[in-house]
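Enquirer: Got a structure for you, questions after.
The values are calculated or read from the model by the stated rules, or taken from the named source; none is laboratory data. All values reported here derive from a predicted model rather than from experimental measurement. In this analysis, Cβ positions are derived from the backbone assuming ideal geometry, glycine residues included, and neighbour counts consider all displayed protein chains. SASA here: full protein model, heavy atoms, side chains in, ligands and nucleic acids out. Shrake-Rupley method; radii C 1.70, N 1.55, O 1.52, S 1.80 Å.
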Amino acid sequence: MIEITSLGSSSAGNAYRITDGKTPLLLDAGLKYKEIQRALAFQVSSLAGCLVSHEHGDHSVAIKDLIKASVDIYTSAGTADALGIDSHRLHRISALEPFTIGTWSILPFDVQHDAAEPLGFLLANTAGDKLLFATDTYYIKHRFNGLTHIMIECNYSINILNQNIAAGRVPAVMKHRLLRSHFSLENVKEFIRANDMRRVQEIHLLHLSDNNSDEELFKREIAALTGKLVYVAGR
């Protein structure tokens, strides 16, 4: 059984602990190290590794401290180079080249974000669970079968964004970047329609915008579309 815990999920910082009961992992390291320590009840050493999607600070700021704490880091070469990190604890991974950590078989895949070499991750365990983690991407070209758990960015709604721009609450220049860097509610729906949802048990919506999202609306619309349990990751 997979357990998913959000340590933080916003532009202020993103990190998630997942475990299948045997191998706990950290997905992204975008909180201050002390915050991660506290959220993990000072059990950082229990982590089998940390997967990092890309170099932006809200996903990577604690990497150096995690390395000092003897946590293995798995990220792309582009992300490692952008952060200027090198260590025997650093594992440079590539899209569509699978690797294993404990009971997890992990397939990184390329995503679309304004970063050096951003990745998403498909994690399968020995119990037959299959978890998708995709954050900070405006499009996912890959298709997935047999998913049981989905952790996916749902940053904004284009309707809410347009209303905020029209009202002067959000600068118009922000729209161009969002459209080319983050997943909208509308894109999440398209992704869901394009993928096999038959085995999905839970959908976790990640990284909601402070200004351009509506937590209850997003949860309600994805639940209505899928009939699945939907959670909004705690910020």
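Enquirer: Would it be correct to say that Gly146 is open to solvent by less than 60 Å² (accessible area, probe 1.4 Å), of a type outside the set (A, V, I, L, M, F, W, C) and on the phi > 0 side of the Ramachandran plot?
Expert: yes
Enquirer: Just name the residue that is surrounded by the most Cβ atoms within 10 Å (Cβ to Cβ) out of those in the stretch 184-197 that are hydrophobic (A, V, I, L, M, F, W, C) and assigned to a helix (DSSP H, G or I). Walk me through how you get there before you give the answer.
Expert: As a first pass, look at the stretch 184-197 and keep what is hydrophobic (A, V, I, L, M, F, W, C): 185, 188, 191-192, 194, 197.
Checking which are assigned to a helix (DSSP H, G or I) leaves us with 185, 188, 191-192, 194.
On the way: Leu185: 22, Val188: 24, Phe191: 21, Ile192: 17, Ala194: 12.
Going through the qualifying residues, I end up with Val188.
Enquirer: Among the candidates Lys141, Lys130, single out the residue that is within 18 Å of the chain's Cα centre (by Cα) and modelled with pLDDT under 95. Can you show your working first?
Expert: Values: Lys130 fails: modelled with pLDDT under 95.
Selected residue: Lys141, the only one of Lys141, Lys130 that is within 18 Å of the chain's Cα centre (by Cα) and modelled with pLDDT under 95.
Enquirer: With Leu26, Leu40 as the choices, which residue is of a type outside the set (Phe, Trp, Tyr), closer than 23 Å to Gln201 by Cα and modelled with pLDDT of 95 or more?
Expert: Among Leu26, Leu40, only Leu26 is of a type outside the set (Phe, Trp, Tyr), closer than 23 Å to Gln201 by Cα and modelled with pLDDT of 95 or more.
Enquirer: Okay, next question. Limited to the stretch 149-183, what total is found for residues that are surrounded by 19 or more Cβ atoms within 10 Å (Cβ to Cβ), of a type in the set (S, T, N, Q) and within 30 Å of Glu202 (Cα to Cα)?
Expert: Number satisfying all stated conditions: 2.
Enquirer: Can you give me the number of residues within the stretch 215-235 that are within 19 Å of the chain's Cα centre (by Cα) and over 23 Å from Leu147 (Cα atoms)?
Expert: 2
Enquirer: List pairs: first in the stretch 146-175 and closer than 27 Å to Gly227 by Cβ, second among the polar types (S, T, N, Q) and open to solvent by 60 Å² or more (accessible area, probe 1.4 Å), Cβ under 8 Å, 6+ apart or cross-chain?
Expert: Listed pairs, sorted by first residue: Thr148/Gln201; His149/Gln201.
Enquirer: Then there is this: Spot the failing condition for Gly21; the list is (1) out of contact with any helix residue (DSSP H, G or I) (no Cβ under 9 Å at 6 or more places or on another chain); (2) closer than 20 Å to Val232 by Cα; (3) modelled with pLDDT of 95 or more, and only one is missed.
Expert: Unmet condition: (2).
Enquirer: Is there a residue in the stretch 105-122 that is without any contact (Cβ under 8 Å) to a residue 60 or more places away in the chain and open to solvent by 60 Å² or more (accessible area, probe 1.4 Å)?
Expert: Looking through the stretch 105-122, at least one residue is without any contact (Cβ under 8 Å) to a residue 60 or more places away in the chain and open to solvent by 60 Å² or more (accessible area, probe 1.4 Å).
Enquirer: Return the residue satisfying two criteria in turn: it lies in the stretch 198-214 and is within 19 Å of Phe144 (Cβ to Cβ) and under 18 Å from the mean Cα position of the chain (by Cα), and of such residues it is most open to solvent (accessible area, probe 1.4 Å).
Expert: Step by step, filter the stretch 198-214, then rank; the result is Gln201.
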